[in-house]
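Notes for the one structure printed next.
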Amino acid sequence: MNILEQNEQALHRLGEKFVLRYQSVKERGAAHCFVTETVNHQEIICQQRNGYNWRFNSIYEPELAAEKYAMNRGRFSDYAIICVFGISDGRVIRRLCGNCNGTQKLIIYEPDHENFIVAMEHFPLEDILEKEWVHLIVEGINEEHLHGKLDELISYENRNLVTECILPNYDVLYLAQGQDYIEKMLYCVKKHVFNMNTEVAFGERLADNILYSLPYILRGSSLNNLKRAIRKYDISGIPAIVVSAGPSLDKNIKQLKSVGNKAFIISVDSAIKALIREGIDFHIGISVDPRKNPAIFEDERIAGYPFVLSANSIPAIARKSQSRLFFESPVGFEGFEETIKAKTGEGLGELKTGGSVATDAFSLAEYLGFEKIILIGQDLAYTDGKTHVSGFAESEANKRDEDSLVEVEGMDGTMLRTDIQMDSYRKWFELAIKRNQGKRTVYNATEGGARIHGAVELTLQEAIEQLCDRELDFPAIIQSAPKLFTETDRIAMSKEFYALDCYFAKLKDQIAAGIEAYQTLIYLEEKNEQSTKEYQEVIQEIGRINELDEKEPYMNFIKCYAKQEEYEVAEDIYAASDLTVKEIAKRGVKLLAGYEKGINIAIGKIQGILKPALEKECSG
């Protein structure tokens with residue numbers, strides 16, 4: 001086989017979809033990218049721009065230049081996440097791989113498919129493409145997966161091990177894409193730090209809310225059922241309007257009265273009070289924050305509206321509801337969902353989240369299939385010095401931290417102040433718009449606040465006049481969505497979950513056995529008895545316990561009650577280098593002891609929260 005054939009054979013590891021898209025761009029060829037010969041008769045890749053040829057490697061000694069580049073980077077830390085910008089001819093990548101020991105993850109983002117097409121034809125890449133720990137993203141082929149891959153591989157524990165490598169001349173020719181790549185990388189790091197702080201502070205509340213919500217989930221419906229109900233109808237051309245609680249909502253909220261069923265109106269929880277105050281109906285509310293202030297749901301009229309809730313949303317909403325409830329699956333619900341899925345054949349459904357209810361509301365519109373999404377009240381900045389729409393509960397308002405303020409471009413071109421958290425939401429929307437390019441159009445009718453690049457800007461009145469010209473009976477469609485279970489199945493599921501504490505008690509026995517195995521390993525290490533049969537048996541037992549961490553569906557729920565211990569041990573392992581077996585075993589004891597503590601708390605919560613609520617359910 002020639003070079004191209006070998007490379008294309010290795011390409012199949014990336015999946016059929018990647019291969020098909022690669023074949024499509026390959027047929028179009030490379031208009032500006034070509035191969036040139038170096039002084040010592042080796043080949044390198046060039047790009048022609050504005051009459052000038054830009055080389056991606058040395059014109060003299062490309063192999064030596066690649067070696068020097070990698071040498072300057074040095075050996076990568078264990079478990080490092082290496083974000084490489086550009087693939088070039090593969091020489092530098094190969095040398096960087098040589099600086100790894102297999103514990104690292106390499107994310108290669110090639111911003112120009114032409115470079116990749118030429119590299120595939122002329123340079124051996126199969127050894128790079130075949131590495132399981134190397135992940136390739138190519139603009140024009142699978143660029144929509146870049147953010148997701150970064151988010152998947154970057155975590156709180158390895159955040160300090162994230163590094164970038166920008167290949168020669170890529171920073172010059174692809175400045176905007178390079179900045180975007182680094183921005184996505186930093187966004188993921190900040191997101192995981194924020195999530196860690198949230199989980200440590202509120203992990204127990206997240207798990208408690210799941211237990212409080214479970215009876216309502218069994219009586220309610222799922223996000224997937226809502227999607228099916230809506231997608232039975234032709235919603236093409238009908239927009240979804242996402243109503244958020246930014247201060248600019250005061251400017252145009254009254255105009256929503258004229259919309260009726262000509263758009264699907266989704267209200268975030270914090271905007272509902274303003275809508276009800278103005279006598280404006282919305283089709284569905286959404287609340288996914290497990291820490292939400294229940295005071296905003298005290299108006300009895302709210303109970304009459306349908307809601308999309310997370311399984312860990314505050315239970316007050318479901319408790320008061322007199323309408324349809326549709327639940328989505330959050331982290332920590334995996335074990336419960338697996339049990340539900342065994343009966344229904346599918347899970348609840350899950351929304352993409354950017355950390356705020358507004359991003360979830362956008363994802364809801366996307367999930368339901370709306371091709372036009374109108375944003376209002378989405379300021380993402382301190383418009384006129386305000387944080388929220390008038391009448392917003394003071395206890396809900398963000399406390400402004402002057403040290404965390406940044407400036408962003410406003411919709412009117414002026415500079416506005418915002419905070420880092422709101423700005424991360426703005427960046428999430430911009431990434432979501434890019435992700436939906438060609439599939440959905442996003443309109444920003446906020447009429448104030450930060451500019452969301454990629455969104456079409458217009459007033460709400462213009463949006464209504466231009467986009468809202470066809471009706472559907474959305475209230476009736478929502479009511480038509482089936483429940484999650486029949487009455488018989490609901491009672492059976494209630495009985496199954498009623499015995500969950502017994503299941504957790506058995507899990508506790510396995511965790512205790514793991515602690516004992518680690519302690520035995522420490523003893524055998526101290527006695528220098530690594531060659532004994534007992535030592536090998538203990539290693540095998542520890543391997544089985546470690547598999548439990550990955551395979552047990554309820555582990556994330558249990559970890560909600562032991563987040564502090566989990567993060568401390570994991571961060572310690574990533575930060576340390578050259579740990580001995582004894583040191584690793586001590587950390588294993590600490591981690592499993594944290595899980596044991598989590599199981600003890602979980603059993604107590606199941607007996608105190610879930611079982612009393614299910615006693616009536618089990619009897620029908």
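Over region 451-588, with the other protein chains present, what is the accessible area per residue in square angstrom, probe 1.4 angstrom? Could the numbers behind the result be given before it?
On the way: 7510 Å² over 138 residues.
That works out to 54 Å² per residue.
For residue 60 and residue 31, FRET efficiency with R0 = 35 Å and r from the beta-carbon atoms, rounded to 0.05? Given R0 = 35 Å and the Cβ-Cβ separation, E is 0.80. Accessible surface for region 38-111, divided over its residues, is 45 Å² per residue with a 1.4 Å probe.
The convex hull defined by the C-alpha atoms of the chain has an orientation-averaged projected area of 32.6 nm².
Tell me whether region 1-124 comes out rounded, prolate or oblate; compute the Cα gyration tensor, take square roots of the eigenvalues as a ≥ b ≥ c, and use a/c under 1.5 as the rounded threshold. Oblate.
Each peptide in 421-433, 296-308, 470-482 gets a packing score, the mean of other Cβ atoms within 10 Å over its residues, and the list from highest to lowest is 421-433, 296-308, 470-482. The relative contact order of the chain, computed from alpha carbon pairs under 8 Å that lie at least 6 residues apart in sequence, is 14 percent.
Only DSSP H runs of four or more residues enter the estimate; each adds -39500 (n - 2.57), and after division by the residues of the chain the mean residue ellipticity at 222 nm equals -15000 deg cm²/dmol.
Size descriptors for region 323-362 (Cα atoms only): Rg and Dmax, in that order, 11.7, 32 Å. For a straight C-alpha distance cut-off of 25 angstrom, the lysines reachable from residue 533 (same-chain residues fewer than eight places away being disregarded) are 582, 586.
In region 240-342, Cα pairs under 8 Å separated by at least six residues give a relative contact order of 20 percent. Residue 278 to residue 459: FRET efficiency via 1/(1 + (r/R0)^6), r the Cβ-Cβ distance, R0 30 Å, to the nearest 0.05? Here the calculated transfer efficiency is 0.95.
Given a 1.4 Å probe and every protein chain left where it sits, what share in percent of the accessible area of the chain is carbon and sulfur? Could you put the intermediate results ahead of the total?
Numbers: 13070 of 27560 Å².
Reported share for carbon and sulfur atoms: 47 percent.
All Cα-Cα distances of region 81-135, cut into 5 Å bins from zero to the largest, leave 4, 20, 34, 27, 11, 4, 0 percent in each bin in turn.
Measure up 17/131; 190/590; 551/597; 184/352; 273/605 against 21 Å on the Cα-Cα distance and list the ones that go over. From 17/131; 190/590; 551/597; 184/352; 273/605, over 21 Å: 190/590; 273/605.
Between residue 476 and residue 342, the modelled labels are 4.1 nm apart [label points 7 Å from Cα along Cα→Cβ]. Highest mean packing comes first when the peptides 369-377, 63-71, 14-22 are listed by Cβ atoms within 10 Å, giving 369-377, 63-71, 14-22.
The values are calculated or read from the model by the stated rules, or taken from the named source; none is laboratory data. Just so we're clear, the structure is a prediction, and the values are computed from it rather than from any experiment. For neighbour counting, all protein chains shown are included, and Cβ atoms are generated from backbone atoms with ideal geometry for every residue, glycine included. Areas reflect the complete protein model, heavy atoms only, side chains present, ligands, DNA and RNA absent. Shrake-Rupley method; radii C 1.70, N 1.55, O 1.52, S 1.80 Å.
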